[in-house]
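Okay, structure first, notes after.
Nothing in this text is a laboratory measurement; each read-out follows from the coordinates by a stated rule. Here the structure is a predicted model, which is why all the values come from computation and not from measurement. For neighbour counting, all protein chains shown are included, and Cβ atoms are generated from backbone atoms with ideal geometry for every residue, glycine included.
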């Protein structure tokens, strides 16, 4: 297989895409492309890249039928800067190779994430891990900002006082907040990256990690535009249905009404309308 060079990807290598107030995403390196996916898929019978239409059809077939190994031939390495609370959600995706900045060896920067006013929300009453869509009054937002700012100023002062006293960095850092920015190099193959994006671009995912997902998706699109289109068609915006849901859809098509229980029927309709 020839080395894959993608002109659009080469143009954005090491370009810093800002995310949130202090974060960013950079594409450090990539290995493979749409061409590598079709080469890997066809290696068993000795045929390589064909026409664009044939390659697009093959990639869509692979994605639609969960033939994942050809997508694993493509790899991405990113340099990412994000708040620690985002990193702790992110690290749940254990199929990546990660190397993170260490507060044991480095003095952490005085950079903290502060949500914009339209991203300050009340707790949802029907979703334990979600935000309400109810608008938060300006005076409440101002109080939130004041509390965050005052607490961080106090913690930052103490952090540097401990360092100035010669206290070990690994001890001085222990009270730094989850809003502190961290950085890491993050490497993942395309199959697992699409799984990450399917979850983290979902409307139910936390806004802050979705913001990173949107940027990563556009970077991946530069490298693998056909595979990204297949991902959006089949995974991101596609829907999977259980056997009972398929039977319910057939019944509704035949004019028989939805046979599911009220809650199950509600979930099915949410799928169909989203």
Virtual spin-label span in nm between residue 242 and residue 133, 7 Å along Cα→Cβ
2.5 nm
Sorted from largest to smallest, which semi-axis lengths in Å does the alpha carbon gyration tensor of region 117-178 give for its equivalent ellipsoid, taking the root of 5 times each eigenvalue?
34, 15, 6
Computed FRET efficiency, Cβ-Cβ of residue 43 and residue 107, R0 41 Å: what is it to the nearest 0.05?
0.25
At residue 14 and residue 77, where each label point lies 7 Å from the Cα along Cα→Cβ, what is the point-to-point distance in nanometres?
1.3 nm
Across 5 Å bins beginning at 0, the whole-percent shares of Cα-Cα pair distances in region 188-229 come to 6, 24, 34, 24, 11, 2
Helix 138-164 versus the longest principal axis of the chain: what angle, 0 to 90°, nearest 10, using Cα atoms?
70 degrees
Least to most buried among 22, 160 (fewest other Cβ within 10 Å first)
160, 22
Longest principal axis of the chain (C-alpha) makes with the long axis of helix 262-273 (C-alpha) an angle, in degrees to the nearest 10, of 80 degrees
Centre separation in Å (Cα based) which lies between region 237-273 and region 129-175
46 Å
How high is the relative contact order of region 117-178? Use alpha-carbon pairs under 8 Å, at least six apart in sequence, and give a whole percent.
21 percent
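I need the shape label for region 1-85. Rule: rounded when a/c is under 1.5, else prolate if a/b > b/c, else oblate, with a, b, c from the alpha carbon gyration tensor. Don't jump to the answer; show the numbers that get you there.
Values: a/c = 2.82, a/b = 2.08, b/c = 1.35.
It comes out prolate by the Cα gyration axes.
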Long-range share for region 45-149, i.e. C-alpha pairs more than 23 Å apart as a percent of all pairs, stands at 60 percent
Return the single residue from 258, 234, 99 with maximal mean-square fluctuation; model: Gaussian network over the chain, springs between Cα atoms under 10 Å.
258
If I stretch the segment between residue 270 and residue 121 completely, what's the gain in nm (0.36 nm per residue apart, minus their alpha carbon distance), one decimal?
51.3 nm
What ranking of 154, 3 emerges when the number of other C-beta atoms within 10 Å of each C-beta is taken as an exposure proxy, fewest first?
3, 154
Once you have the alpha carbon radius of gyration of the chain, what is it after dividing by 2.2 N^0.38 Å, with N set to its residue count?
1.24
Based on DSSP H runs of at least 4 residues, each adding -39500 (n - 2.57), what is the mean residue ellipticity at 222 nm of the chain after dividing by all its residues, to the nearest 500 deg cm²/dmol?
-13500 deg cm²/dmol
Acute angle (nearest 10 degrees) that the helix 207-223 long axis makes with the longest principal axis of the chain, alpha-carbon atoms:
50 degrees
